[in-house]
Structure formats: structure tokens, C-alpha cells
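The structure appears below as C-alpha cells.
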Amino acid sequence: MPSDSARLLLVRLQFEPPTAMTARIVVAAHLLICLPGCVSGPADVAVADAVELTRAEPHAPVQASIDVQHYAIDIELRPAERAIAAVCTLRFHAQGRTLDQVSLDLAGLTVERVTDGAGAELGFVHADDELVVMLAEPLAPGDVAEIRVEYGGSPRKGLWFAGDAGGAPTHVFTQGECEDAHWWFPCVDEPGDRATTELCVTMPAHWTSVAAGELIESVTTAGTRRDRWRMPTPHPTYLTTLVAGAFEEHRTEWDGIPLRFLAPAQWAGRLESSLAATAAALEFLSEVTGRRYPYSKYSQACVQNFPFGGMENISATTLAVEALSDERGRRDSDPTELVVHEAAHQWFGDLLTCADWSHVWLNEGFATYLTMLFAERTLGQDAFRTAVRDALDEYTAGDRGANRRPLVWSVYKDPLDLFFGGHTYQGGAVRLHHLRFVLGDEAFFRGLRIYVGENAGRGVVTDDLAAAMEEASGVNLGPFFEQWFYSPGYPEFETRWRYDAGRQRVLLSVNQVQALERGTPAAFSMPVLVEVKTATGTSSHRLAIDQRRHLFEIPSETEPEWVRFDKYGWIPCRHSTEKELSEWLAIAASDDDVNGRRDAVRALGAALADEGSRADVLAPLLSILAGDSSAAVRVAAAAELAQGGAGCIEPLAESARSDAAATVRVAALGSLEAFGRRAAVRGTRKQREALTAIANEVFEARFSWDTMGAAAGLVAAVYGDKAFEWIVGVITLESPNGELRANLAAQLARLDDPRVPGVLLDLALQESEPPLARIAAARGLARFARGSRRARDELTKLLSTANGKLRQETVQLLAALMDEEDPELTQALSAHYESSVSPRERRAIEASFAKR
């Protein structure tokens, strides 16, 4: 672990000059007091004894007494028992001091025996998720030892049995992030401890396996198969992986690197098409990082009941089977983004890993931004800038109020808590994007390659990135990183401009209006790109912002058609501006920035509600819907046209029928639904029949599962009391992962029909139904649960489901329903809290109890 890894928000204070140190203490203390989910004072008295309404605490980097060099895991899978029997041999050396005992992380399993390298029995104590082994002789610093742990049992997490064939699981997968590896093998379960691994798995003979590194041996005997995998690249324990089961496989290669795609038979036919971007992603990532893909193979195994979208285990990514859909599903949700994101982690997260969890944005922010850069390369600037803006919107929506914190942040109950709220993924990505603007492409990408080259194979902290970027650019980036990574919040701008014809100047007012709360800086400093467009051309101006209020004077011989602040969206900020309608119309018609056009369309939509402006904006919006080159802009236009008159129906219908993008079709159908609701109340029979015909036409065209679901929404809006029969009549139609059924369940839940809860309940409780459909049904059932004791009771039954995503969704739904007048629900959530090993479930229950 690098010596500067201790430079956390709190721990690193000792390295700072007094002024900066004082400021950080104030920021950290204030943030700790107000941390989301934290309770102080009277609220610390638990409503239910089981629920821990305690404050999240800062975590300093762990300084382990041993450095593990190698793990050798020999594991026997016992699917019928959902259990394992295993031996883990650890080779390690002492660090810091002489040791007479060794502490390892191990949870939920039973230790049978511990021996040393010579075979001598060693005493041990296993309690509170810690295995303490007494060494036969003291171990001096630097001396190497080996211990062998025999253990087994049924893992509660870390290793999961999944699938079903006659009541028995069909496959197994592991999931170690953040600190779940020790739920299936004894280890030092910290991201800063890196070791090589060898894994030998014994499994049913018809199963196959994939793990980190190379398959070096496979032996099949009567009834069993034994595979041995070896990974010579040191890595953290959470990236150690095993997937084994009854899989079908697709094999290919990229530049001599074997590529393996695996999935259960039901999904195997969609492996090649869904994961088609893999080779191009590895090519791109090798180029942009300056480091060729660093491992001997790359596999992607798709499993059932995976708790996330994917996991970047070293050389062996695991994905949820829901990533594998047909052409209709890929039109709704292209798996390329997921494929590239997990591939990017093979560099950012695996080859370079955050030294401790406070710097996890280095893993996820880079993977998110590299995914955007892949879109820039393959899909163009519009797609790239759309992705950046969408990420910015998600980040700024999350980093508000009690959730405001810096990116580098060590305060949590479980490190997984840091992954939610927008900071780690989107917040990191948009800051990297801003850094690119500050330094320029040449220096930024040179710095990225230096960062990878100088830190490969080690744990990294944010200051390592700063050093690489400083080396590449020659710029002192201390203030930049202090502001954007170690301070909370982001700037919020209000801008306006006017033209001074006499002086031929644009007067641009720029005010930062962010609230001075939770340590947010009063004024952020940064460059900004301002574009001035006149009838004779455009000019770009790079201005420096370093105060809360500025008034800039920009030369312009004629009055501009528009002035764009933060052209192309380089700054992580919120921005509101005042413009005349004519300026918005000009931007909507001809701005080369997709987000400028999106913003303009939304402004035109607001004007559409004004009778005096409607004639000026309706035709431009319809033109944009029909002809803008960006699907994101057409989506915005379709959404705004919900406020238009009857003349919008046919253009929206045409988009719903024929637009190349499913997102646009869905948006057009959403606006038609608004017309349908109005027609159901005060429209003519002819109008209702016309809208119904559009819905049926789009549904029967089956362009994508989401468009079919949106068509059902239009039916529900128009049909009224007949919509239930229509939806129930088509809900049995199959889709690869239950995508259509999930859409239809969501539409059912919107109906005020007494038969709906029964249908949703049946769908939610059926273990054989696809998880997506069951989750949608549970969400719909929650709508009725507030007024129905039976609906609440039935929803509570889902707390015992084996499907992790459905169970997590159920916890969140029930937590939102909880009140003091429902002791049964309080008891159910308290009991579930005691048994749950899911941080997300526990945080949701804690939050619901804290509000009482």
C-alpha cells in the first residue's frame, strides 16, 4: 500500500498547512453530523431493538499485520446441499512487527482444522467473522509462512447457488465486492492487499467453470469434474472469482487473446449478439490506456440472480443474464455500455485498484468515463455529449442536501454505501471530463497513460492521478483536486446577457448561487467556454471564473443570435439562464451541441403552454421531432408535444410507428397517452378510436418491448374500464427476460380496477416468473398496499424470496410504507433486518425507522 494512501478526508489532515487543515476539519465534522441515514440525539433510541440507528463512521486505511502473497483455494461444490467443502492455503509474510498469531477474515462458515506449512496443527479461535490462528513459532517482519485452513458450510453471501432444475441449483457464482470474499474463503479482505491465486474446483461432471487467469488442468472422473485455474497477477481478494455450472459457451478471440462467453442454455443463443462489442472495447481500451489488455484471457459469464448488472472480476467478468436479450430488447437497452464498462475495469479497478474504499471513484469514475469515450469513438459526439449530460444530471440530483459529500470520502457503515447516490460513478466521470477540458486532450490522455503505466499492479489513491496529470501537463493541479475531489458540492450558475450596441460588447453576467452548506465552496474556480453566435459567424471565448459574481465583456460587432455559457458542457454544475424565445428558437434550429438543442426544446415546450407563444414554437418542435439527428433531442421534442393541440397527434403517431430509436417511439407514445387521457374524459368516439388504432398498430408491430409497453399505456388511457381485459389478454406473451410482462404489469398498476391487485399478486409470488416481471408486479402491488392490509401482508411474503433483486426491491417498498400504526410491518422489517446480510436492504430499513 503506498505511503500516501492515508491521505483521506480526515486522516490526511496531518499533511496539510494549518489553514487547509482547519477548513477540512470543519467540513468533515459538519458532514458527519448530517450524513444521510445517521441519527443523533433522541433518535438514537431504536424504535425496534434489532435496527441499528447508528452513525456511519470514518474508516482509516487498514494496516494489516500480514501481507498475503498467494491464495490456493481447493473447493468442492455440493449443489444439492447448497454447500461447499474447501481448503485454503495462504502464503504470507509478517509486516511491521513480530507475530505470534495471524488474524484473517472469515464469515458464516465452519473451520474444521488449521495447520502450518509443515503440517503441524495450529490453535485457532473463530468468532465475530474473524479467524485468529496461533502460530507455532513467532514470525519476524519479512519472514514468510504458510497456513492451511479446512472449512465448509453454506455461504450466506460471497458465493451463491443459482438457477433451478428440479429443486437443485444449476450454477454457482461468486461476488466479492466490496468485502464479501471472506464469506467463501479466509483472507485479508481489503482492496489494498494484493495476492496471486490458484483455484481448484470440484463440481458435477456436466458443469463447466471459469475463474481468474488460465485453466491449467481439467480432469473428469465418474460423476465429477475438477478444474484448476491460476492467476499470476496479484489482485485484491474481492476480484477472486468462480463461476461454475451447466453452461453453454461461445468462443472467439481478440488479437490472440481467447474470449469466452458463457450462459445457461436458455440465454446462450444471444451471447454472441449481446456481447458483440467486446473485441472492439478491448481494442479501444488498449489504445487509450497505452497498455494492451494485460491478462491471458477474457471471459464474460452470464448468471441468474446476480445482484448487480455486472462485476469486473480480474480477467473474468460476471454479468446478469438480463444483459442477454433479443433484438427488441437491445433496441430498448443496448448492452454495449455494460460490456464496455466492465471491460474498462480490467484496467481501472483490476490492474490499478483503489488502495482503500474512500478512493473507489478511481475504479468506477474511470470505467464510466471510458465507456463514454468509447461512445464518442464509435457513435459520435452527439451520443458522447448526451451521455455526459445524463451523467451530470444524475450526479447533481444525488449530491444534494444530506447526501452532499466530497468524492474522496471514508465515512460509511459498509463500503458498498459509497456506490449509491451518484458520486462514485457519474460524479467521478464528469470531473474527469472537466479535467480533460482544463488540460486539453493531448495532456489529458498523456496523463491517463502515465497514470496507468506508473501504477499498474498496485493500489492507487487520488493523489496518484494528480501526480500523473501534473507530470503530463506541467500544471500544478493541487487546487483543482482540492476543489473537485476533496471538497463537497458543485457550482450552481445563473447567467444572463445583454448586448451593448454602442460599445459593441456582450455583457455576460455570471453568478454562482450554490448554498453555502455542508462545506460547499462559496466560489468555484474554473475556465469556461462561452460561444457567441452572430449572423456572420461564431466566436469562442475561454473565460476564467474565480469569484461568486462576474460581469464579462465580450466584443461582438453585431447583436448575437445566441450566447452559450459552458458550450459543450465541460463543467460539473447546474446552470439556469434567462433567454428570449428567439434565442431558444435559434439554438434549437442550428446549435451543433446536442445538449444546447435539448435545453432549447425544453424551453420551447414551456413556451408551448403560453397561448401567445404557441404558434411560434409548435412548428419548430414538430420539425425537430421529425428531423433532428439526435434521438435525445427527438425524445425531448416528443415529450414537450404532449402539451400541443390535436394537430400533434399524427406527427407523434408517425414517430411512434417509424422512428429509428425505441426511446423516441416510447416518448411519442407517452405524449399520445396524455392526449388519450383527455380524450377519455371529453373527447369524441372518433378520437378515441383513432388513438386506440395507433396503440394497436404499434403494439402489433413489436418493434421493441418498451414500445409495446408504452402502447399498452396508451390503451389504458383511452380504453378506461376495458383496459384491464386488453392488458390481461396480452400479458402472457413471452419475452426473453420478462421485459414485456414487466411493462404490462406497470401499466396494470395504473388502473383503478379492483381486479388488478390479484393479478399483480399472482405474478409477484410466482417463483417461475422472470425477476423483471415480478419486480414490476411488486412495485405495482405497493400502490395498493397503503390502503390494503392483505396487499401489505402478501407483499411482506416476498421478503423470503430467493431472488436477491426482488427481495431488495420489496424491502424498499415496504420501508416506504412503514408507519407507527402498523406493528405487523414493523415486526416483519425488524426480523428481516436481523437476518439480512445485504447493506442496501439494511440501509433502507434503517432509513424507514429513523423517520419514525
Next item on the list: Beyond 18 Å, what share of the Cα-Cα pairs of segment 744-852 is found? Please give it as a whole percent.
Entry: 44
Notebook entry, point to check: Across bins of 5 angstrom width beginning at 0, how are the C-alpha pair distances of segment 231-326 distributed, in whole percent?
Noted result: 3, 13, 23, 24, 20, 12, 4, 1
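How big is the antiparallel share of DSSP beta bridges in the chain, given as a percent to the nearest 5?
Numbers: 108 of 133 bridges.
Antiparallel bridges make up about 80 percent of those DSSP assigns within the chain.
Based only on Cα atoms, what Rg/Rh ratio does segment 402-480 have, Rh being taken as Kirkwood's radius? Mind showing how you got there, number by number?
On the way: Rg = 13.9 Å, Rh = 13.8 Å.
Rg/Rh: 1.00.
Can you work out the accessible area per residue across segment 315-436, with the rest of the protein chains kept in place, probe 1.4 Å, in square angstrom? Walk me through the numbers before you get to the answer.
Working: 2920 Å² over 122 residues.
Accessible area per residue: 24 Å².
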Notebook entry, point to check: Given q = 0.21, 0.34 Å⁻¹, what are the Debye log10 I(q)/I(0) values for segment 629-668, with equal point scatterers placed on the Cα positions and solvent ignored?
Noted result: -0.53, -1.20
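What number comes out for accessible area per residue over segment 658-734 if the probe is 1.4 Å? Units Å², please. Write down the numbers at each step before the final one.
Numbers: 3350 Å² over 77 residues.
Dividing the accessible area of segment 658-734 by its residue count gives 44 Å².
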Next item on the list: With a 1.4 Å probe and every protein chain left in place, tell me how much accessible area Arg404 has, in Å² to the nearest 10.
Entry: 10
Check: What does the highest-first list of 164-175, 495-506 look like by mean Cβ count within 10 Å?
Finding: 164-175, 495-506
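Using only Cα atoms, figure out Rg for segment 535-619 and give it as a multiple of 2.2 N^0.38 Å. All intermediate terms of the calculation are to be shown ahead of the outcome.
Numbers: Rg = 14.3 Å, N = 85, 2.2 N^0.38 = 11.9 Å.
Against the empirical 2.2 N^0.38 Å value, I get 1.20 for segment 535-619.
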Next item on the list: Please report, largest first and rounded to whole Å, the three semi-axes of the ellipsoid equivalent to segment 111-266, where each semi-axis is the square root of five times an eigenvalue of the C-alpha gyration tensor.
Entry: 31, 19, 16
Next item on the list: Sort all Cα-Cα distances of segment 517-563 into consecutive 5 angstrom bins from zero, then give the percent of pairs in each bin up to the one containing the longest distance.
Entry: 5, 18, 23, 18, 12, 11, 6, 4, 2, 0
Check: From the backbone phi of segment 682-689, what are the Karplus-calculated ³J(HN,Hα) couplings (6.51 cos²θ - 1.76 cosθ + 1.60, θ = phi - 60°) in whole Hz, Gly and Pro given as x?
Finding: 9, x, 8, 4, 4, 5, 5, 5
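Report the convex hull volume per residue for segment 640-791, counting only C-alpha atoms, in Å³.
Values: hull volume 16.8 nm³, N = 152.
Once divided by residue count, the hull of segment 640-791 is 110 Å³.
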Next item on the list: With a 1.4 Å probe and every protein chain left in place, tell me how much accessible area Phe419 has, in Å² to the nearest 10.
Entry: 20
Check: Rounded to the nearest 10 Å², what accessible area does Asp592 show when all protein chains are kept and the probe is 1.4 Å?
Finding: 80
Notebook entry, point to check: When averaged across all projection directions, what area in nm² does the alpha-carbon convex hull of segment 706-778 cover?
Noted result: 4.2
Checklist line | lysines whose Cα lies under 16 Å from that of Lys579, excluding same-chain neighbours fewer than 8 positions away | finding: Lys533, Lys567
Notebook entry, point to check: What is the set of long-range amide H partners of Leu351 at a cut-off below 5 Å, with H atoms built 1.01 Å from backbone N?
Noted result: none
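By accessible area of protein heavy atoms, probe 1.4 Å, what ranking do Lys805, Lys533 get, highest first? Before the final figure, lay out the partial values.
Details: Lys805 70, Lys533 40 Å².
So, going from the largest accessible area down, we get Lys805, Lys533.
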Next item on the list: Please go through the residue pairs Lys157/Lys851; Lys297/Lys805; Lys157/Lys805 and name each one whose alpha carbons sit more than 21 Å apart in this structure.
Entry: Lys157/Lys851; Lys297/Lys805
Item checked: Sequence-distant aspartates and glutamates (8 or more away, or on other chains) whose Cα lies within less than 14 Å of Lys413 -> Glu52, Glu57, Glu179, Glu841, Glu846
Margin query: Suppose a student asked you for the relative contact order of the chain, using Cα pairs under 8 Å spaced at least 6 residues apart; what percent would you report?
Written below: 9
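For segment 452-520, report the accessible area per residue in Å² (1.4 Å probe, heavy atoms, rounded to an integer).
Details: 2600 Å² over 69 residues.
Result: 38 Å² of accessible area for each residue.
Order the following by accessible area, largest value first: Ser848, Ser473. Probe radius 1.4 Å; ligands, DNA and RNA are ignored. Walk me through the numbers before you get to the answer.
Values: Ser848 10, Ser473 35 Å².
Correct descending sequence by accessible area is Ser473, Ser848.
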Notebook entry, point to check: Can you run phi through the Karplus equation (6.51, -1.76, 1.60; θ = phi - 60°) for segment 143-157 and list ³J(HN,Hα) in whole Hz, with x for Gly and Pro?
Noted result: 6, 9, 9, 9, 10, 10, 10, 9, 7, x, x, 10, x, 8, 7
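Please report, as a whole percent, how much of the solvent-accessible surface of the chain comes from carbon and sulfur atoms (probe radius 1.4 Å). Don't skip to the answer; put the middle values down first.
Details: 16490 of 33090 Å².
Of all accessible area on the chain, carbon and sulfur atoms account for 50 percent.
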Item checked: Quotient of Cα Rg and 2.2 N^0.38 Å for segment 648-715, N being how many residues it contains -> 0.98
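The values are calculated or read from the model by the stated rules, or taken from the named source; none is laboratory data. Quick caveat, the model's predicted, so the values are computed rather than measured. In this analysis, Cβ positions are derived from the backbone assuming ideal geometry, glycine residues included, and neighbour counts consider all displayed protein chains. For the accessible areas, the whole protein counts, side chains as well, though only heavy atoms, and no ligand, DNA or RNA atoms are used. Shrake-Rupley method; radii C 1.70, N 1.55, O 1.52, S 1.80 Å.
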